[in-house]
Structures are given as structure tokens and as C-alpha cells.
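Below: one structure, written as C-alpha cells.
The values are calculated or read from the model by the stated rules, or taken from the named source; none is laboratory data. Quick caveat, the model's predicted, so the values are computed rather than measured. Every residue, glycine among them, receives a Cβ derived from its backbone with ideal geometry; neighbour counts consider all protein chains shown. Quick note on the areas: whole protein, heavy atoms, side chains included, nothing else; ligands and nucleic acids left out. Shrake-Rupley method; radii C 1.70, N 1.55, O 1.52, S 1.80 Å.
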Amino acid sequence: MSVPEYNYSEIEKKWQKIWADEKAFCASDSFDKPKYYCLIEFPYPSGAGLHVGHPRSNTALDIISRKRRMERYNVLYPIGWDAFGLPTENYAIDNNIHPSIVTEKNINHFREQLQRIGFSFDYSREVNTTDPKYYKWTQWIFLKLFENGLAYKDKININYCPSCKVGLANEEVVDGECERCHNKVVRRTKEQWMLKITDYAQKLLDGLDDIDFIERVKIQQRNWIGRSEGAEVDFAIANKDYKLRVFTTRPDTLFGATYMVISPEHPILDEFSSDIKNIDEVIKYREITALKSDMERTELNKDKSGVELKGIKAINPVNDHEIPIFVSDYVLMSYGTGAIMAVPGHDTRDYEFAKKFNLPIIEVVSGGNIEEEAYTDSENGVLINSGLLNGLKVPDAKKKIIQFLTDKNAGEKTINYKLRDWVFSRQRYWGEPIPLVKCDTCGWVPLPYNQLPLTLPEVDEFKPGEGGESPLANVTDWVNTTCPKCGKPATRETDTMPQWAGSSWYFLRYIDPHNDDELAAKENLNYWLPVDWYNGGMEHTTLHLLYSRFWHKFLYDIGVVTSPEPYQKRTSHGMILGENGEKMSKSRGNVVNPDDMVDEYGADAFRMYEMFMGAFDQPIPWSTHGVKGCKRFLDRVWRLQESIEGEEIRPDMESLTHKMIKKVSQDYEAMKYNTAIATMMSYVNDVYAKETISKREYLTLITLLNPVAPHITEEIYHNLGGEGLLSLSEWPKWDESKCEDAVKEIAVQVNGKLRGTIVIPADADEKAIEGLALDQENVKNYIEGKTIVKIIVIKGRIVNIVVK
RNA sequence: GCGGGCGUGGCGGAAUUGGCAGACGCGCUAGACUUAGGAUCUAGUGUCAUUGACGUGGGGGUUCAAGUCCCUUCGCCCGCACCA
């Protein structure tokens, strides 16, 4: 039979249209089948368009989604747009064009690019975080958080980006720089809306035990939450009625505390400003500190700096010694209580500080050599010079001192978390308005739910207001309103929400995207949740992934959702690098555009290479040559149409075919796409060697290949006279008994070195195998004149003859 | 410093978890077909050596057997960090 040339662009367009027309990949809400919910992180539709990194995650879960459909699941594989954010706003400012226009244009471009690659997304469920019908529910969730006391406004030191003129969440600061613009972040005091994610620290930690996240992600989240057990201890200020409270993980070393250190932002400085003789010096130090980011302040090899507070002293509660108080930038107001007791003998940082400032170093835990360095072992050390604690091991000393402090009302056991509350305000235009009204009599008043969504007002200027205020502050008509509670004149909050808001719950909206009465209908949520498999980048582990788990747990607590965790399984893909092995970026000039690949090699070859290029979870450089190789393979698969002979699987292909079904099926599940594809390549090589292929063998091959290369396989299926769509046909099953070979070739070693191979029946016993091995010509040469010490036979694997 | 990971041909990577190292692909070499080849097909391709030896960053160890386990060392990547 002769077939036309493989015209990929025609074939791909044709099937993409058919799939769309027949709504082949739309999820059904009939609830009559087992469901499977696959999720990829919805893209931020940037002006630069899609890059070859996006399709890696998309294709991986497209394969899973397509396989699940063929396994007869009701599959939800949605797509949407995380469209609020700074780049769009900055573009809008630079070009004086409304961000919504830019957003729409970018979304259309992204959608076209994605559609050309043939992902089986349910486009009927698209969501867009900037759509008022969507952010109505983002605002609704915020109001619920507010109602439940999880949103509060606080005057705090925040990370401030002088370039973007916005406050940033701690989690958004990367290496002391603004994550978006890479400019240095400074500290600045500002009233901000905060979300109490810290209230959920323990739940977020505990929840990790019950879900199937790759270990790297769990570890990273645990570290970020940073639970530590310790104690808070009160140090009195001499001659004052004031207690300076510290947090310590080593209360056992209390007798070794020879000074204290407080953060430059600590309120005690204002409290005792008239008592501190060198207050001018202290204030100057505070001003210098304010310019630094936490990262700079806490850098390990940094020279210790600080100023002693002259005129006030603290009293160690266990021995009543008066000790000096220092202010130093290495103590952060945002962790613990903003003050520490310094134990230079047993803490490395305190040791360095004490050396620099010539402070006494007392050994209170024996076992190390504090002449040389701090002894920080918290397991084996034994307490000395510590009164009631002498002779105790560290863990016992901790218990005893905590009891002692509790009895004396001078402290207590506490658990501290590294995690900080989420700074939720942005002084930007392109975000969800915060639906609150400030009334002089009633305070902060939530907008009634029936007034949602509170939409963004049209403005001409998107530039931030003076002093970093939101552009919304300039829209007087919009800002001035009446109090929903008392009806008196009041003003709206002008800050907007961060980009993380819309992305914290988008997977819920996919479940019921057009519902105007609820975030999503309860029965739909019950059916679809949790997300069965969520794949995304490692860079979102501590930001998006943690935030959305927090929101979900809150929604669970107030009865909106019925699953305690949003995502049952989380995997992560490695980054795709440029051909030169460096990170792909415009400035490096090594960006590869997927459109070019689709044009030149077709979507199927492109998808296939994305999966074939290497281990899915590892970073990998792009190679356009590699795409070519995949295209060649698809050409070979296509040409098999000329070599069809016979209907059913031929005996000599049976084991190979069943082994392929097994290997490909299992490898897809384990995200070992590269070896799954290699298996199919080998199979095709074998078929070429045999020159013909039966129809059943061919159908099996294209069915297994379909999730990776859906267009070409759909076309071949159609040419073979297949009914309906291959994409909705049944996944092949393998017969375990047919995966075994009747005969096997195994290696024969002498003293661990390969000396020959033998072919044995699968059921051969050890004696027979030994005999065959010893009979090998080459083996004989190596055992001649030597004594056989023993013969090791590993069934189906290897024979090793040990001689002397 | 702590936590996680990586190191295998010219390149991307395989290796049933202790059992024939280098599957599969790229690239390269030779040949066939062709007016032509950046198409296709066939054969070859770890290194050195004409029987064999050596080979998974280096060194040591356990074992009949090590890319895989243990010790040690070097290099690289990622995350977190004066976190008290």
C-alpha cells in the first residue's frame, strides 16, 4: 500500500479542529465515572509569549491526562491565565495602554501557541484571574479571611522595592533583590494588610505527612515553615519595671548568657530613649540598618557590628547578674521576639560577636574547647557552672530550666516558626481591589457580599501615587464612598492584592468556572477534589504552593471545601536551558520559540523531544538536533503504513509487544518519558528489521504513542479504518505471562570477568545452567588447570565461576 | 554552616536498584540509492592494543560480583541561613 507523505502541519490542524468540534477533551460533570484531575501551573501571559519551558510540564501531564481518558476516567485537565501582575502593569505604564488590553492580547497569543501544540485542555473551563467574574470570588475569600480574623492591618517593617514602588512579601525577595525587577530591596515602615498564615503553620506542616509530594518539595516546605521548640525567657531591666523577653532554643545555657542583643527596630529603644546615654549613636545605627535587607544583615561571613546601650542593663533571671545590652543588625525583629540572650560559649554567632567586643565567654556545657570555638552540641554535652543544672545532659537540663522558669513566672516553653505572615497589600493598579471601606466611626468595614465584585475603576494614569501609594488613591470618585454599616462618608482601601491571591485558589474555579452564585457548587467540589496530580516548578514550592495550601486549609475549616489538602500529588520538572547550557533568557540570546519548532518539525515531534530529551525532573539543555531525531522516528512510524501484513500479533512479536505495553505504561506513570519513548523506538527498529508489521501490532504501537504524539497517531488510526477517535479508545493491557521469554541469554563470568554467554530455557534448573556454562569454549580456557572454588548461579541473570 | 541533589562516550542520557556498563537518540565514519542530498536505507562508532587490557570525578574498602553499598576526597548545582 502506498501512502502520501507525512504532512504534519495539515494533519495537526485537521485533528485539532476535530477534537475542538467534538469537544473531545471536555470534562463531564455527570459524576457517573471515576474522576481524575490533572493540573499544571497556569501561565502568566507575558508579552514575550510561550517559551520551550512551558510545554515540558504541559506535555507531561497531557500524557497522563490522555492515558487516563483511555483508561476510562472522567478527566479534568484545565488551562487558565494568571494575568494580574507587574510586567503587564509596567508595560501599560511604558506604552500608556490599559493593562486589560495588554492582558487580552497576551492571552490570545498564548492560547494560540498552546493550541498549536495540541494539548488536550478543556478550553471551555478557561479562567482568567483579571476577569471580574473570577476575582469576585478572590475578594469573597479575602472577606472570609477578614471575618475570621486572619486579615489584619499592621504598621510593620516591610520589604520595599524603590524601583517597583511596592511592598513585597518576604517570600518574594530573592537574594535581597526584588523577585520581579531584581533591584535591591530596602526596609521601610508601611501600613499593610497581612494574612495570618502563621496560624496555619502547624497544619501546613502536619498536612505534608498525608500527601504524595516528591520529597524535595516536602523538605523545602518544612524548612521554610521552620518549626523549632524552645523557651521564652524574661530578663528584667535593672531599676525599671520592664521585662525584655527573648526566645531561645537553648534555655539550658542560661547561666552562660553574658550579654543580650536586640534588633535595631526593638520598641525598647523608644521606651528608654531618655535613659540610653548614647541614643544618638543607636539611632544612627538603626538608620543604616534600615537600608539593608534581611539577607544582607544575616550574611554569614559579615563582620559583626553593633552598639552597646549605655545606661541600661539587663538582669539574668537565674543568677541576677547585670549584663550589658547591645543592638545589632543580625537580630531580626521578625523572628522570635526580636531580642536574644547571647551565650558566646555555645553559639557561633554570639562567640564571634563576643570576641569582637571583648565580652566574657563562660563555659556552661562541657565537652568542647571554648578557647577555640563555640561548643554547640545539643545532645551530648553536660552542664557545668550552672547551679541547679550541673551534671545534667543538655536535653534534661532544658526540661529542668523550663520548669524552673515556669515556676518563677520568668518564662515558658514555646514553639517558634520561621514562617512569617503574608504581606498582602500592593500599591499597584493591576491587582484585585481589596473590598474594604475605612469609616471614621466603624473602622474597617467589609463590603457586603452582594456588592462584589468591587471592580477596578477606569483610570488614565497607572503610575503609583506619591510615596508609593496605589494609583487608585488618585481616583477620588472611586475612593470616596459611604460606610456600608452606618452610611456616613467613608473611603475605600486603595491597595490591591498580590498576584499570589488569584493563583491561590484557581484550581477550585476550574471545577465550576461559570458559577455566579458560588465559588463552585458543593457537589462539583466534592466530586473533583482533591487535584490528583499537580506538576509545576520548584521555584513555586515556598510561595504559591504554600499559599494555596494555606487558603485551601482555611476554606476547609469554614466548610467550603471537603478535602483538607488541595493537591494529592505534586511533582516537579527540571528547567530547560539554552543550547549553550545556560539559563534561557532574552539577554543571553538563547531563547528557543516553540512556534519555530512546530513550524519546522511539527507539534508531535516537538512534544516528543520535550519528553525524550532527558530525565524529566532534571534541568537540561535544549538541542534542536534532538527534535530532528524525533521527527525521523515519526517518519518511520508513518511509513509503517506501507508494510502492514496480517491482522493479529505474530508469535515472534508477541513477547516484544507485551513487554512494550508494560514498559511504556509503567514509565509514563513514573514520568520516565524518555525511556518509554526509547522502548517504542527500539520496537520500531525491530519491526524494520522484520520488514512487516501486523495490524494489531501497529495499532498497539500507535495507541501507546498517542499521548506523546496525538496527531500523527490519530491520522494513522483513521487510515487503518479505526472507529471514532484513537484519543478516546482503550488503553492496551499487557499479559504478564507473555512478557517472559521462552529462552534467555545470560552472561557467564570467571572470577567476575565476562567470558561468554549462554542461551538457556526460562525454566532451566541450576545444574543445567552450570553444565552449559562450564561447557563454553572460552570459559574452558580460563578454568583450565585451576580449581573451581564455587559456582554462583543467579536465575535469569548471570553465572559466575570462581576459580583459584 | 545546614538541608537536598549531581558527577557515566564527542553530546543528551540508559542501566530491571548489587548481576553482561554505555539502551535510545544526537553527532561522526563508510557504503547503497540518487542529477543532487542537510532525504532515505545498510553497516560501524567508549579508550588503548592485532587473542586482550582498561574503563562510570579521585583514593580506599565490603562482595563471587560495585555506576549502584560503606569510608574518604575533589568539583559543580539548587534551596535556606548570624533563625537565637
Q.
I'd like to check something: does the stretch A:576-589 contain any residue that is in contact with a helix residue (DSSP H, G or I) (Cβ under 9 Å, 6 or more places away or on another chain), over 27 Å from A:Lys203 (Cα atoms) and surrounded by fewer than 17 Cβ atoms within 10 Å (Cβ to Cβ)?
A. yes
Q.
Of the conditions (1) on the phi > 0 side of the Ramachandran plot; (2) acidic (Asp, Glu); (3) more than 16 Å from RNA strand B (Cβ to nearest atom), A:Glu723 satisfies every one except a single condition; which number is it?
A. (1)
Q. Quick one: would you say A:Met575 is within 13 Å of RNA strand B (Cβ to nearest atom), of a type outside the set (Asp, Glu), in contact (Cβ under 8 Å) with a residue 12 or more places away in the chain and on the phi > 0 side of the Ramachandran plot?
A. no
Q. What is the number of the single condition among (1) open to solvent by 30 Å² or more (accessible area, probe 1.4 Å); (2) within 9 Å of RNA strand B (Cβ to nearest atom); (3) in contact (Cβ under 8 Å) with a residue 60 or more places away in the chain; (4) not acidic (Asp, Glu) that A:Asn319 does not meet?
A. (2)
Q. Can you pull out the residues in the stretch A:685-700 that are assigned to a helix (DSSP H, G or I), within 14 Å of RNA strand B (Cβ to nearest atom) and crowded, with 19+ Cβ neighbours inside 10 Å?
A. A:Val687
(Q) Given the condition more than 18 Å from A:Gly85 (Cβ to Cβ), touching a residue at least 40 places away in the same chain (Cβ under 8 Å) and open to solvent by less than 10 Å² (accessible area, probe 1.4 Å), answer yes or no: does some residue in the stretch A:513-523 qualify? (A) yes
**Q.** Test for A:Lys767: is it modelled with pLDDT of 80 or more, more than 13 Å from RNA strand B (Cβ to nearest atom) and basic (Lys, Arg)
**A.** yes
Q: Run A:Glu777 past the list (1) surrounded by fewer than 18 Cβ atoms within 10 Å (Cβ to Cβ); (2) touching a Lys or Arg at 6+ places or on another chain (Cβ under 8 Å) and report the number of the one that doesn't hold.
A: (2)
**Q.** the stretch A:122-171, residues that are away from RNA strand B (no atom under 16 Å from the Cβ), at pLDDT below 95 and touching a Cys at 6+ places or on another chain (Cβ under 7 Å)
**A.** A:Cys161, A:Ser163, A:Cys164
**Q.** All positions within the stretch A:356-380 that are under 11 Å from A:Arg250 (Cβ atoms) and in contact with a Lys or Arg (Cβ under 7 Å, 6 or more places away or on another chain)
**A.** A:Ser378
Q: Please name all residue pairs, on different chains or six or more residues apart, with Cβ atoms under 6 Å, provided the first residue is in the stretch A:612-633 and is over 17 Å from A:His51 (Cα atoms) and the second residue is in a strand (DSSP E or B).
A: A:Gly614/A:Ile620
Q) Do we find that A:Asp635 is within 23 Å of A:Met538 (Cα to Cα), within 11 Å of RNA strand B (Cβ to nearest atom) and at pLDDT 85 or above in this structure? A) no
(Q) Against the definition (open to solvent by less than 50 Å² (accessible area, probe 1.4 Å), under 24 Å from A:Trp224 (Cα atoms) and within 10 Å of RNA strand B (Cβ to nearest atom)), how does A:Leu543 come out, yes or no? (A) yes
Q.
So, in the stretch A:387-414, how many residues would count as being surrounded by 15 or more Cβ atoms within 10 Å (Cβ to Cβ) and either of a type in the set (Asp, Glu) or part of a helix (DSSP H, G or I) (or both)?
A. 9
Q) Just to be sure, is A:Lys795 within 11 Å of RNA strand B (Cβ to nearest atom) and open to solvent by 90 Å² or more (accessible area, probe 1.4 Å)? A) yes
Q) Mind checking which residues of the stretch A:748-767 are in contact with a Leu (Cβ under 9 Å, 6 or more places away or on another chain) and surrounded by 15 or more Cβ atoms within 10 Å (Cβ to Cβ)? A) A:Val748, A:Ile758, A:Ile760, A:Ala764
Q: Give the stretch A:487-507 a look and list any residue that's out of contact with any helix residue (DSSP H, G or I) (no Cβ under 6 Å at 6 or more places or on another chain) and either open to solvent by 10 Å² or more (accessible area, probe 1.4 Å) or not aromatic (Phe, Trp, Tyr) (or both), or say none.
A: A:Gly487, A:Lys488, A:Pro489, A:Ala490, A:Glu493, A:Asp495, A:Thr496, A:Met497, A:Pro498, A:Gln499
Q: For residues that are over 24 Å from A:Lys413 (Cβ atoms) and either within 7 Å of RNA strand B (Cβ to nearest atom) or in a loop (DSSP other than H, G, I, E, B) (or both), scanning just the stretch A:322-342, find the one that is most open to solvent (accessible area, probe 1.4 Å).
A: A:Tyr330
Q) Residues A:Gln427, A:Gln451: which one is touching a strand residue (DSSP E or B) at 6+ places or on another chain (Cβ under 8 Å) and among the polar types (S, T, N, Q)? A) A:Gln427
Q | the stretch A:415-432: number of residues that are more than 22 Å from the chain's Cα centre (by Cα) and either open to solvent by 30 Å² or more (accessible area, probe 1.4 Å) or of a type in the set (D, E, K, R) (or both) | A | 4
